[in-house]
Amino acid sequence: MWVTLAVLVAGFGSGVLAAVLGVGGAVITIPMIRALGASPIAAVGSTVPAILPGALSGSLRFHREGYIVWPVALTCGVSGMSFAVLGGWVADIVDARWLMILTAVLVMWCGVSLLRDGLRTNAAERADAAVEAGADPDDLVVSDGGAGTEGGVAIQPRGGVPAMVALGVGGGFLAGLLGIGGGLILTPGLTLGLRLPVKHAIATSLAAVAMMSTTAVVTHIVLGHVNWRFALPLAIGIVPGARVGAHITVGASEQLMRLVAGSLLIVVSIIYLAGEVAAL
C-alpha cells in the first residue's frame, strides 16, 4: 500500500515538473521507481505510459492560454515519433545502468543551461550572448515584453524546419531510450537554439512530447518493459500534477522559471548520478 502511495505522490510531483519544465517529469519518477526496487529497464518502461496523460493534461491548459507554438510542436512531435520507437528498441539491447547514468548527465546539462540563461537579467545581455554564440545580429528581435516575448530575445533561426526536425529526432530518440519524454532536448533547444520565450518553449515542448510518447508507449509495452504496478499509479497522479504545474507556469515570471528550473534539475541530477554510480 505504501509503495502505491509513494508512486502516486511521485506521479503528482512528476506532473508538476512536466508542466513547469516541459521535460516529462521522468527526472522524478525514474529515480523514485528505482528506489522502490524496479530494475533500470522497468523504471524506464513504466514511466513512459505516465508521460502521455501528463503531457496531454498540461498541453490542454497551455493551449487554452495560447502558449503553444503549434507549427514548431507539430514539426518536432511528428519527426520524433518514429525515432521514439528506435530508442525503445535500443534500450532493450544496451546495459540499462548506463542508460540511467546518461539520463543523469542530460538532466544536469539541461539544468546548467537553464540556470546560466536565467542569470542573464535583461534582453540586451541575452542578445550579446546569442551574437557571441554565432547568431546573426540581424536575426535577433529584442522586445520590452508582450505576448510571445516577455522581455526576452527571439531568434528566427535560419535553419527553420531542419532545426525543428533535428530537435524532434533527438527528443524522440531520448523519449524511447530513456523514458524522459524528450523534453530534456526540446526545452533547452527551443529556448537556447530557436530562442522561444521559456513559457512558450515549455508549452510547445510538452505538446511535442505528447505526440512522441504515443509511439514510445506502444514500443515499451510490446517489449515487456512496463510494470503496471508502477505505471498505473504514476499515470493517475501525473494528470492533476500537470494541471497544477501548468497553472504555476502561466503565472510565473520568465527569469524565475529559468532559475528555479535550472537549480532543481542540477540538484536532482547530482543525487541521481551519485546513486547510479554507487550501484555499479
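The values are calculated or read from the model by the stated rules, or taken from the named source; none is laboratory data. Just so it is clear, the model here is predicted, and its values are computed rather than measured. Reconstructed Cβ throughout: ideal geometry from the backbone, glycine too, with neighbour counts over all protein chains shown.
Could you list all residues from segment 30-77 that are assigned to a loop (DSSP other than H, G, I, E, B) and surrounded by fewer than 24 Cβ atoms within 10 Å (Cβ to Cβ)?
Across segment 30-77, the qualifying residues are Leu36, Gly37, Ala38, Ser39, Gly66, Ile68, Val69.
Among the listed residues Gly171, Gly176, Gly193, which satisfies the condition of being closer than 22 Å to Met108 by Cβ and surrounded by fewer than 23 Cβ atoms within 10 Å (Cβ to Cβ)?
Gly193
Could you tell me whether Ile221 is within 19 Å of Val107 (Cα to Cα) and either of a type in the set (Ser, Thr, Tyr) or in contact (Cβ under 8 Å) with a residue 40 or more places away in the chain (or both)?
For Ile221, the condition - within 19 Å of Val107 (Cα to Cα) and either of a type in the set (Ser, Thr, Tyr) or in contact (Cβ under 8 Å) with a residue 40 or more places away in the chain (or both) - is not met.
Only one of Val226, Val217, Val260 is of a type in the set (A, V, I, L, M, F, W, C) and farther than 21 Å from Ala91 by Cβ. Can you tell me which?
So the residue among Val226, Val217, Val260 that is of a type in the set (A, V, I, L, M, F, W, C) and farther than 21 Å from Ala91 by Cβ is Val260.
Can you find, within segment 255-280, the residue that is nearest to Ala35 (Cα to Cα) among those that are within 17 Å of the chain's Cα centre (by Cα) and not aliphatic (A, V, I, L, M)?
Result: Tyr272.
Do the conditions hold for Ala18, that is, is it modelled with pLDDT of 80 or more and either in contact with a helix residue (DSSP H, G or I) (Cβ under 8 Å, 6 or more places away or on another chain) or closer than 20 Å to Val107 by Cα (or both)?
The answer is no for Ala18.
Can you name the residue in segment 200-215 that is crowded, with 24+ Cβ neighbours inside 10 Å and more than 12 Å from the chain's Cα centre (by Cα) and is also farthest from Leu86 (Cα to Cα) among such residues?
Once the filter is applied, the top-ranked residue is His200.
Within segment 195-245, which residues are outside any helix (DSSP H, G or I) and within 17 Å of Phe62 (Cβ to Cβ)?
Leu196, Pro197
Quick check on this structure: which one of Leu264, Leu259, Leu234 is in contact with a Ser or Thr (Cβ under 8 Å, 6 or more places away or on another chain), surrounded by 15 or more Cβ atoms within 10 Å (Cβ to Cβ) and not polar (S, T, N, Q)?
Result: Leu234 is the single residue among Leu264, Leu259, Leu234 that is in contact with a Ser or Thr (Cβ under 8 Å, 6 or more places away or on another chain), surrounded by 15 or more Cβ atoms within 10 Å (Cβ to Cβ) and not polar (S, T, N, Q).
Within segment 216-227, identify whether any single residue is within 17 Å of the chain's Cα centre (by Cα) and more than 25 Å from Ala42 (Cα to Cα), and answer yes or no.
Within segment 216-227 (the criterion being within 17 Å of the chain's Cα centre (by Cα) and more than 25 Å from Ala42 (Cα to Cα)), the answer is no, since none of the residues qualifies.
Starting from residues that are of a type in the set (Val, Ile, Thr) and surrounded by fewer than 16 Cβ atoms within 10 Å (Cβ to Cβ), keep the ones in segment 82-111 and report whichever is modelled with the lowest pLDDT.
Here the residue is Val94.
Quick check: is even one residue across segment 173-194 in a helix (DSSP H, G or I), touching a Lys or Arg at 6+ places or on another chain (Cβ under 7 Å), of a type in the set (Val, Ile, Thr) and closer than 19 Å to Cys76 by Cβ?
Scanning segment 173-194, I find no residue that is in a helix (DSSP H, G or I), touching a Lys or Arg at 6+ places or on another chain (Cβ under 7 Å), of a type in the set (Val, Ile, Thr) and closer than 19 Å to Cys76 by Cβ, so the answer is no.
Does segment 78-116 hold any residues that are part of a loop (DSSP other than H, G, I, E, B) and of a type in the set (D, E, K, R), and which are they?
Asp92, Asp95, listed by residue number.
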